[in-house]
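Working notes, structure below.
The values are calculated or read from the model by the stated rules, or taken from the named source; none is laboratory data. None of these values were measured; they are calculated from a predicted model. Counting neighbours? That spans all protein chains shown, and the Cβs are built from the backbone with ideal geometry, glycine included. Note: accessible area is taken over every heavy atom of the protein model, side chains too, but ligands, DNA and RNA are not part of it. Shrake-Rupley method; radii C 1.70, N 1.55, O 1.52, S 1.80 Å.
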Amino acid sequence: MLTSSLRRSILQKPYKSQLDSIFKVCFSTQLQEPSEPRVLTAVPGPNSIRLKQELDTIQNSSAIQLFVDYTKSVGNFLSDADGNVFLDIYSQISSIPLGYNHPALLKAASDPNNLSTFVNRAALGILPPKDFADKLKSALLSIAPKGLTEVQTMACGSCSVENALKAACFWYQTRQRNGGPPSAEDLESCMDNRIPGSPKLSILSFKGGFHGRTFGALSCTHSKPIHKLDVPAFDWPIATYPVYKYPLNENVAENDKTDEKCLKEVQQLIDEYSKKGVPVAGMIIEPIQGEGGDNHGSAKFFQGLRKLCTKNKVAFIVDEVQTGGGPTGRMWAHEHFQLDESPDIVTFSKKLQIGGFYYKKAFRPDQPYRIFNTWLGDASKLVFLEQVVKVIKEQNLLENMAKTGDYMLKGLESLQNKFPNIVLNARGKGTFCAIDFKTPALRDKAVKVLHKNGVHCGGSGSATLRVRTTLTFNSTHVDIFLKKFELTLKELNE
Ligand SMILES: Cc1ncc(COP(=O)(O)O)c(C=O)c1O
């Protein structure tokens, strides 16, 4: 809240100094990371419990873990409403790129030149700001996956996926029409959800995958029943995502066989659905299944999928909503796979602050309003992304992720050797790491004890702890995390 004297002064002072005053009031704390977590109350503390009860009178608040004091959260440390300070290895479900209250973003937020973008949310499909193309180039196209030359912005991960699926269907049907326009029958029948205008097409997805909760995306999501329950779903093919034996270097032959089996199944499903008259227009897959238990597909598997998509004329959609933006040590996780040909579409959101998808020219819709909604994202997020990209490049944050991740993985492996009765299968790329627990109950308990010990974290799948850091997480943070994790494992072992 602004004080009345501040409000008065805003009316009098020149604009720039008004902003400086607001800035000082909002961020009066020293914006420096603490050296250690600090837990003063039970977690959640009394303030979080009270606020949750209050919110619960308005909506179902059961998923809420803590209420946060964002003005006091700094870098990789999250402050809650009870004055507890946690090392954050979850970063708002993997969506904070540089840490809390990063100076480059605060500066952009307080720059008078950016205010009109923040205050006037543009309907980007019809009335974009005059610098929109420049911003798309500097923020998004400068980090585009190789081979993908166009980009469409969206508001969130689910709607990015939703529209990527539509783009695949447009592409497929345009080819069926040999590039020609739709017929009168196409236009008439689609109004009643009938063929040929509403064609029978399918999207192939993978067991354990997560692609969001909107209607179409949900038919591709298979991570937890609670996401899907009571919602009608398309009868679309669902293939097996490879689940490997760890350590990888000791199980090469067996894991290779798993890849071969999974690829064979994909081809069988494509054939089966084609015979059924519901051909596969697109395939959607995560490079690492981020919600479904941190399953990693191998480079060989992804190379095989790319080939199958090309051979069967299926759009290859790689969902990088969770993996994209650098945590794996590359801007895009699929870059680890050295594909002969790039994916056809790559979806993003989270760390990029704005949703959307990159695509090859062939996937550009041929008419307006086919991929469209009111806002199509938010131009203010591009202002921040521009800064994020600048900081990533200036500070070599991708390299930081690769190095920090190696260090973290070694630490996790050493803890798994120390506590083999509790944890196993440490794995990761960059700091996008995970470790399994022997049982779901042990994992759930570990998440609670880690909080008590000052680490904010989250699970994935049924028995996995996932690490999702910001890009500024470094070896000092890793040391704190590993110390607290060891303490937690000791407590679980008692
Ligand atoms: C791979 C993937 N796709 C899509 C989504 C959906 O994104 P959102 O939650 O922004 O709708 C998520 C969210 O976690 C995700 O991890």
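Below, the figures for the structure above:
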quantity	calculated
Region 264-298, residues that are of a type in the set (Val, Ile, Thr) and either within 13 Å of the ligand (Cβ to nearest atom) or assigned to a strand (DSSP E or B) (or both)	280, 284, 285, 288
Subset of region 212-256 (residues that are part of a helix (DSSP H, G or I), more than 21 Å from the chain's Cα centre (by Cα) and of a type in the set (A, V, I, L, M))	248, 252, 253
Strands (runs of 3 or more DSSP E) within region 402-494 that include 2 or more residues of a type in the set (Gly, Ala, Ser)	423-429, 458-460
Only one of 417, 396 that is within 25 Å of residue 104 (Cβ to Cβ), free of Cβ contacts under 8 Å to residues at least 60 places away in the same chain and surrounded by fewer than 16 Cβ atoms within 10 Å (Cβ to Cβ)	396
Top-ranked residue in region 183-197 [being open to solvent by 40 Å² or more (accessible area, probe 1.4 Å) and either part of a loop (DSSP other than H, G, I, E, B) or touching a residue at least 24 places away in the same chain (Cβ under 8 Å) (or both); ranked as nearest to the ligand (Cβ to nearest atom)]	193
From 252, 231, residue being within 16 Å of the ligand (Cβ to nearest atom) and loosely packed, with under 14 Cβ neighbours inside 10 Å	231
Filter result for residue 330 (farther than 19 Å from residue 283 by Cα, open to solvent by 30 Å² or more (accessible area, probe 1.4 Å) and within 20 Å of the chain's Cα centre (by Cα))	yes
Subset of region 189-206 (residues that are out of contact with any strand residue (DSSP E or B) (no Cβ under 6 Å at 6 or more places or on another chain) and either under 14 Å from residue 290 (Cβ atoms) or not acidic (Asp, Glu) (or both))	189, 190, 191, 193, 194, 195, 196, 197, 198, 199, 200
Matching entry among 79, 35, 61 (being exposed (fewer than 15 other Cβ atoms within 10 Å of the Cβ) and in contact with a Lys or Arg (Cβ under 7 Å, 6 or more places away or on another chain))	61
Number of positions in region 198-214 that are under 27 Å from residue 187 (Cα atoms), touching a residue at least 40 places away in the same chain (Cβ under 8 Å) and either more than 10 Å from the ligand (Cβ to nearest atom) or small (Gly, Ala, Ser) (or both)	5
All positions within region 375-407 that are over 18 Å from residue 143 (Cα atoms) and not assigned by TED's automatic domain parsing to the domain that holds residue 356	403, 404, 405, 406, 407
Count - residues of region 307-325 that are away from the ligand (no atom under 11 Å from the Cβ) and either open to solvent by 10 Å² or more (accessible area, probe 1.4 Å) or in a strand (DSSP E or B) (or both)	8
Residues within region 374-395 that are over 21 Å from the mean Cα position of the chain (by Cα) and not hydroxyl-bearing (Ser, Thr, Tyr), tallied	2
Conditions (1) assigned by TED's automatic domain parsing to the domain that holds residue 383; (2) exposed (fewer than 13 other Cβ atoms within 10 Å of the Cβ); (3) basic (Lys, Arg): number failed by residue 135	(2)
Filtered residue count, region 327-370, keeping only those that are more than 15 Å from the ligand (Cβ to nearest atom) and within 23 Å of residue 297 (Cα to Cα)	13
Options 103, 44: the member that is more than 16 Å from the ligand (Cβ to nearest atom), loosely packed, with under 15 Cβ neighbours inside 10 Å and not basic (Lys, Arg)	103
Verdict on residue 340 being free of Cβ contacts under 8 Å to residues at least 24 places away in the same chain and assigned to a loop (DSSP other than H, G, I, E, B)	no
Residue in region 467-485 that is touching a Cys at 6+ places or on another chain (Cβ under 6 Å), open to solvent by less than 40 Å² (accessible area, probe 1.4 Å) and closer than 26 Å to residue 227 by Cα present	yes
